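A short worksheet on the structure shown next.
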Amino acid sequence: MSIDTKTAANVAKLARIRVDEADLPALAGEFNAILGFIEQLEEVDVDGVEPMVSVTPMRLKRREDVVTDGEQQGRVLANAPEAREGFFAVPKVVE
Amino acid sequence: MADLTQMTIAEARDALRGGETSSVELTRACLEAIEGADALGAFVHKTPDLALERAKAADERIAAGDAPAMCGIPLGIKDLFCTQGVASQAASKILEGFKPEYESTVSGKLRDAGAVMLGKLNMDEFAMGSSNETSVYGNAVNPWRAAGSDTALTPGGSSGGSASAVAAGLCLAATGTDTGGSIRQPAAFTGIVGLKPTYGRCSRWGIVAFASSLDQAGPMTKTVRDAAIMGAAMMGHDPRDSTSADLPVPDFEAMLTGDISGKVIGIPKEYRMDGMPDDIEKLWSEGAAMLKDAGAEIRDISLPHTKYALPAYYVIAPAEASSNLARYDGVRYGYRAELAPGDGITEMYEKTRAEGFGAEVKRRVMIGTYVLSAGFYDAYYNRARRVRALIKRDFDEVFAQGVDAILTPATPSAAFPLGKEVADPVEMYLNDVFTVTVNLAGLPGVAVPTGQDADGLPMGLQLIGRPWEEGELLNTAQVLESAAGFVAKPAKWW
């Protein structure tokens, strides 16, 4: 499998990372080097092997479905690049 | 009294309890050492005022007579840990200016035990790297140099600042995190001890996430005894991390009996790599001989899927990273790109992430995006998770056959020069060839310094233990440490 610049551009778009047109060939080359390395996995016989979900056989704990936290608007917003009137502020989303 | 910064945690604890020194004195000595060590690039956010305040409080607690072992001990904290009110950036531009409103569980446990945070330590960006060269702060530098050379060497990565700081005596010990070898490889490169606990021993809450099924925090210390003391203080169940194990944490220090007679130590044949330097080969066989002399049985074992660990890791870790790092969007914290007139929210995301992430992080996020994308999920991600199950099965089988611990080299070489040309990203990934299997199988592993190469650079061996048996693992590690008698320190040039 080989990644061309069009696929590289699509991956960048899916990852929401802007990549200049001029940088796409180099990026595609790096992807191909890494994917070439990963392709060794095709040699392994994985028939009948379940994909690992959890490395330690443990059942996740349950807890009561109750509110245990909250009322911290100031602290939640304290690190926002832009906050207004108690909300995170972003560029216009809906025209 | 000897140089306070050269003390181990155990020595300092005893001296504090005996009234021979104070936490304020210890802390001042470390702060002074840090001030003179900017050339190492280890401490990237210094917190001297906070440190002295905590040291005073620790001295009061020690005087009152019921202080825990870590009380008054000056530590460095990796920048990956969120620390309340103190910059926590994961060495990334995208978290520029971020000061958490909360404290990670692990650093909080150390703080509550009375440990003194001296500041935050350099690392590879988002813990992605093996040389500390992907950091927004610039490189951390190894205090060790090859004999007769002034070439700057890497302290390893990603916990490079932690390793450099401990090896140079800037702090008594430091926290690290390990996703594929990020505690053990830098420990081996700097002649210190690094413990990666069993997955689930330390809470991940408040530690900036890289690959959630692999990430684990652990201590980086001067001795195995210190790893036992500090490790126990970092571990324990936390309701805020659903993968943290609800198991009691034993007194690891009390388990350091020095007796390993009858223990079975496995030597995996697949770890004997083509082109492995003679120095490493020799170190490994000498280590096995030391454990044999101490009464252990040395047994050749096979872990047949070892070869596939790195490729499986480079599917699973980027996949999890692409998901975890989706949160850096310029909305809730950290960096937001300057926008042009007319830019909408998509431009904000794309520009923020393009400017905020470094090259290696972008590469891994995009690889992760690719292997999880429609049409490739089964071929890459599910296949890697199946191979991971086989890697874990290899270990389960040798443990079931009575093997107590596995001895391997920690790294394929000693520390290499900073700025070395790397032909492709995969070449750097090979640093983790001996350590990454342990993360995939969720096992505890410890790097112990046991020798020096022809240039005088430290080299380490790795011991891998059964799940949850850090106590027994550390006991074996201490036997190896004592037999090797590694006492060399880097000559001060900084």
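Here, each number is a calculation from the coordinates, and none is a lab measurement. Everything quoted here is computed from the prediction, not taken from an experiment. Backbone-built Cβ (ideal geometry, glycine too); neighbour counts: all protein chains shown.
Of all the numbered requirements in (1) in contact with a strand residue (DSSP E or B) (Cβ under 7 Å, 6 or more places away or on another chain); (2) surrounded by 16 or more Cβ atoms within 10 Å (Cβ to Cβ); (3) under 16 Å from B:Phe434 (Cα atoms), B:Ala312 misses one, and that requirement is (1).
Any residue at all in region B:337-357 that's crowded, with 23+ Cβ neighbours inside 10 Å, closer than 21 Å to A:Glu43 by Cα and of a type in the set (A, V, I, L, M, F, W, C)? Looking for residues that are crowded, with 23+ Cβ neighbours inside 10 Å, closer than 21 Å to A:Glu43 by Cα and of a type in the set (A, V, I, L, M, F, W, C), one finds none in region B:337-357, hence no.
Restricted to region B:397-409, and to residues there that are in contact (Cβ under 8 Å) with a residue 40 or more places away in the chain and outside any loop (DSSP other than H, G, I, E, B), the residue that is farthest from B:Thr198 (Cα to Cα) is B:Pro409.
Across region B:435-491, what is the number of residues that are in a helix (DSSP H, G or I) and more than 19 Å from the chain's Cα centre (by Cα)?
Of region B:435-491, the ones in a helix (DSSP H, G or I) are B:436-441, B:470-484.
If we keep only those that are more than 19 Å from the chain's Cα centre (by Cα) too, we end up with B:472, B:475-476, B:479-480, B:482-484.
Of the residues in that region, 8 qualify.
Counted as qualifying within chain A are the helices (runs of 4 or more DSSP H) with 1 or more residues that are surrounded by 17 or more Cβ atoms within 10 Å (Cβ to Cβ) and in contact with a helix residue (DSSP H, G or I) (Cβ under 8 Å, 6 or more places away or on another chain), namely A:5-14, A:24-38. Scanning region B:67-92 for residues that are farther than 20 Å from B:Ser159 by Cβ and in contact with an Asp or Glu (Cβ under 7 Å, 6 or more places away or on another chain) returns B:Gly72, B:Gln84.
Okay, residues lined up against (1) away from chain A (no Cβ under 14 Å); (2) assigned to a loop (DSSP other than H, G, I, E, B); (3) free of Cβ contacts under 8 Å to residues at least 24 places away in the same chain:
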position: B:Leu75; (1), (2), (3): yes, no, no
position: B:Ser88; (1), (2), (3): no, yes, no
position: B:Ile94; (1), (2), (3): no, no, no
position: B:Val106; (1), (2), (3): yes, no, no
position: B:Met117; (1), (2), (3): yes, no, no
position: B:Asn139; (1), (2), (3): yes, yes, no
position: B:Trp144; (1), (2), (3): yes, yes, no
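Return the residue satisfying two criteria in turn: it lies in region A:4-34 and is within 11 Å of chain B (Cβ to nearest Cβ) and in contact with a Ser or Thr (Cβ under 7 Å, 6 or more places away or on another chain), and of such residues it is nearest to B:Tyr313 (Cα to Cα). The qualifying residue nearest to B:Tyr313 (Cα to Cα) is A:Asn32.
Yes/no matrix, rows are residues, columns are (1) of a type in the set (A, V, I, L, M); (2) more than 27 Å from B:Gly330 (Cα to Cα); (3) in contact with a Cys (Cβ under 9 Å, 6 or more places away or on another chain):
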residue	(1), (2), (3)
A:Ala12	yes, no, no
A:Leu35	yes, yes, no
A:Met52	yes, yes, no
A:Arg59	no, yes, no
A:Gly74	no, no, no
A:Phe87	no, no, no
A:Val94	yes, no, no
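Of the residues in region B:456-477, at least one is over 26 Å from B:Ala228 (Cα atoms) and surrounded by fewer than 20 Cβ atoms within 10 Å (Cβ to Cβ).
Would region A:38-53 turn up any residue that is in contact with a Pro (Cβ under 8 Å, 6 or more places away or on another chain), of a type in the set (Val, Ile, Thr), within 7 Å of chain B (Cβ to nearest Cβ) and within 19 Å of B:Ser322 (Cβ to Cβ)? So far as region A:38-53 goes, yes, one or more of its residues are in contact with a Pro (Cβ under 8 Å, 6 or more places away or on another chain), of a type in the set (Val, Ile, Thr), within 7 Å of chain B (Cβ to nearest Cβ) and within 19 Å of B:Ser322 (Cβ to Cβ).
Is there a residue being of a type in the set (Asp, Glu), surrounded by fewer than 20 Cβ atoms within 10 Å (Cβ to Cβ) and out of contact with any Cys (no Cβ under 7 Å at 6 or more places or on another chain) anywhere in region B:316-326?
Narrowing region B:316-326 to residues of a type in the set (Asp, Glu): B:320.
Checking which are surrounded by fewer than 20 Cβ atoms within 10 Å (Cβ to Cβ) leaves us with none.
No.
Looking at region B:342-367 only, could you name the residues that are in contact (Cβ under 8 Å) with a residue 12 or more places away in the chain, within 8 Å of another protein chain (Cβ to nearest Cβ) and not basic (Lys, Arg)? Result: B:Met348, B:Tyr349, B:Ala354, B:Phe357, B:Val365, B:Met366, B:Ile367. Annotation note: Cβ proximity below 7 Å between a residue of region B:369-389 that is at the interface with chain A (Cβ under 8 Å from one of its Cβ atoms) and charged (D, E, K, R) and a residue that is buried (at least 16 other Cβ atoms within 10 Å of the Cβ) and in a helix (DSSP H, G or I) (sequence gap 6+ or interchain) occurs for B:Arg383/A:Leu41; B:Arg385/B:Ile316; B:Arg388/B:Ala312; B:Arg388/B:Ile316; B:Arg388/B:Leu440.
Scoring B:Arg111 on the criteria (1) more than 17 Å from the chain's Cα centre (by Cα); (2) assigned to a loop (DSSP other than H, G, I, E, B); (3) surrounded by fewer than 24 Cβ atoms within 10 Å (Cβ to Cβ) leaves a single failure, condition (2).
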